Amino acid sequence: MQPRGFTLIWVLIVLVILAAVSGAMLQSANTSDRTARAVARGTLIRIQEQNTLTYGQRLLEANAGTLLRSLPAASSYATGEIQSQLQRQVDEWCTRNIDGSGSQIRIYFSSTACGTELPAGQPAPVLQLNSTGANLWSMEAEFFLLAGPPSRPTVRRGTLNARYGAPPASTYALLSAGDTTLDSRVRIQGDAHVDGRLTLRDTVDLSGALSTSNCQVVTSGCVGAAEVNLADTRTNVMSILPTPAHPAELTGTLSVGQAGETAAMSTPSLSGLTIVASTVDLGVLASGEQYIRACVSFFSCTTYLGTTDGALHEGSVRNATLISGWNGAIGITPAGSEVVIRPVNPDAPSVARSLSLVVTGAAKVDGNLMYTQTSCSVDSCTSDLSTDALSIQASRVTVTTRTVRTHATVITDQFLVTAPLTLFGSLIGAPTGVSAQLYIQGDARARTGLAPVGVPQLAARWREASVTVGQ
């Protein structure tokens, strides 16, 4: 039998061990609780910062057109002035308390925003202006979105892209003056602009920027409400999901608030050949000269030759010179209800110079009209900086089912397409009669100022705003 003192000692030891274990458990619980609170607080801060950055991005996308309208004209000396004006405009948003917690929007187009310098280690944003043609400019304005404390900010980098100048209207793959609905039947490679109300249905396949003035009455500088129709619902631009520049069913970017384009266009006065015809056939001779045959009837036709020295001759050889220094314009009065425009050979080039067919009535395209210096594969075309180009202007333009591809700028109030068509060039007018797949591939030469004779010119201003933001 052990002594009682020995037993008491072991009891005390056990009690000390239990107390130590309990204390450790309480300390561990307190540490875990503090860690959990810290993790939750950090997560909340990160969410607030991401919300602030996303809200800043949405503001930029929703107001990109407005930002552009107040900028000074582009020039090789205007970089600093443009950068300062952009910063002044976005600084007006500095006082917004977007979530009630005091989170501030800081958008840096320059080294200072909302009175705060860029944090150390962040490079100053760069704005680049590049000349793309005679008095034509492209802009890439870098910006930073910042959230969180200046000592440890969360940063997103982005770019505001735009163009300035007075390009031909064919710089847009699609330019519409009236209310326009776009859906999956129309594919556009390039930029598009709508002055009337814009409706987007289904998936709209667009590679560039889609801008809208949203004007009820189209004037030179009209700008309507910042909204579009998504299906049958009128939607404010800040409510568009996932972001104002990226409606769910649009593959390109959307920009609202651009000034009206079509009312400010200037149409050149054309003087050239004037004829009456029921059919006009276009072809290219082996010598590279432009061949034109105009017929009033099957038995009454006249041929013309546009020579490489710029003259227009009557006859298929160099006979009498009708116009020396011919600009390529042909005014056509239909002999019947419409004039039919056809290629001499449907599988060969039909346009070898700049041509403008101005029809005082309706026109029908019957067959593939193609440029000499343009190569196409499937439905993709490329062209160098050659001058072969065609514009067709008529109150109504109908494209027959025999026409698969047309290289032209089409200017019309009614464009009727009942079979799949690739238009390499531009449609200036609403695609109101499109019941089949229409693929418009913009002619990149228009961005440098090159276009068929007779295409209207746009007013000199900023346009085609698009915002890209990294994550």
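The values are calculated or read from the model by the stated rules, or taken from the named source; none is laboratory data. Quick caveat, the model's predicted, so the values are computed rather than measured. Here the Cβ positions follow ideal geometry from the backbone for every residue, glycine too, while neighbour counts run over all protein chains shown. Ligands, DNA and RNA are excluded from the accessible area calculation, which covers all protein heavy atoms including side chains. Shrake-Rupley method; radii C 1.70, N 1.55, O 1.52, S 1.80 Å.
Considering only DSSP beta bridges whose two residues both sit in the chain, what percent are antiparallel, to the nearest 5?
45 percent
Around the amide H of Gly260, modelled in the peptide plane, lie the amide H atoms of Gly221, Cys222, all under 5 Å away and 5 or more residues distant in sequence or on another chain. Of interest is the spacing of the C-alpha centroids, which for the stretch 390-451 and the stretch 75-150 amounts to 39 Å. Tell me what the chain gives for mean residue ellipticity at 222 nm when only DSSP H runs of n ≥ 4 count, each as -39,500 (n - 2.57), the sum divided by the residue total, rounded to 500 deg cm²/dmol. Calculated mean residue ellipticity at 222 nm is -6000 deg cm²/dmol. When each of the peptides 304-313, 387-396 is scored by the mean number of other C-beta atoms lying within 10 Å of its residues, the order from highest to lowest reads 387-396, 304-313. Phi-derived couplings, Karplus 6.51 cos²θ - 1.76 cosθ + 1.60 at θ = phi - 60°, listed residue by residue for the stretch 161-173: 10, 7, 10, 9, x, 10, x, x, 4, 6, 5, 8, 5 Hz, with x used for Gly and Pro. Quick check: from the Cα gyration tensor, does the stretch 40-167 come out rounded (a/c under 1.5), prolate or oblate? Judged from the Cα gyration tensor, the stretch 40-167 comes out prolate (a/c at least 1.5, a/b above b/c). The Cα atoms of the stretch 170-256 give a gyration tensor whose axes a ≥ b ≥ c have a/c of 1.5 or more with a/b no greater than b/c, which makes the shape oblate.
How tilted is helix 79-91 with respect to the longest principal axis of the chain? Cα atoms for both, answer in degrees (0 to 90, nearest 10). Rounded to the nearest ten degrees, it is 50.
Label separation (Ala459 vs Ala348): 4.7 nm, computed from points 7 Å beyond Cα along the C-beta direction. Taking all protein chains as shown and a probe of 1.4 angstrom, Val284 keeps an accessible surface of around 50 Å².
So what's the net charge close to Ala73: Lys and Arg +1, Asp and Glu -1, counting the other residues with Cβ under 14 Å from its Cβ?
Here the count lands on +3.
Ranked by the mean number of other Cβ atoms within 10 Å per residue, highest first, peptides 184-191, 110-117 order as 184-191, 110-117. Each residue of the stretch 267-455 gets 113 Å³ once the volume of the Cα convex hull is shared out per residue.
Suppose we keep just the DSSP beta bridges with both residues in the stretch 276-362; what percent of those would be antiparallel, to 5?
Details: 18 of 29 bridges.
Antiparallel bridges make up about 60 percent of those DSSP assigns within the stretch 276-362.
Just check the stretch 274-332 against the gyration tensor rule for me: Cα atoms, a ≥ b ≥ c as the square roots of the eigenvalues, rounded for a/c under 1.5, and otherwise prolate or oblate depending on whether a/b exceeds b/c. Because a/c hits 1.5 or more and a/b exceeds b/c, the stretch 274-332 counts as prolate. Relative to the dominant Cα principal axis of the chain, helix 4-62 is inclined by about 20°.
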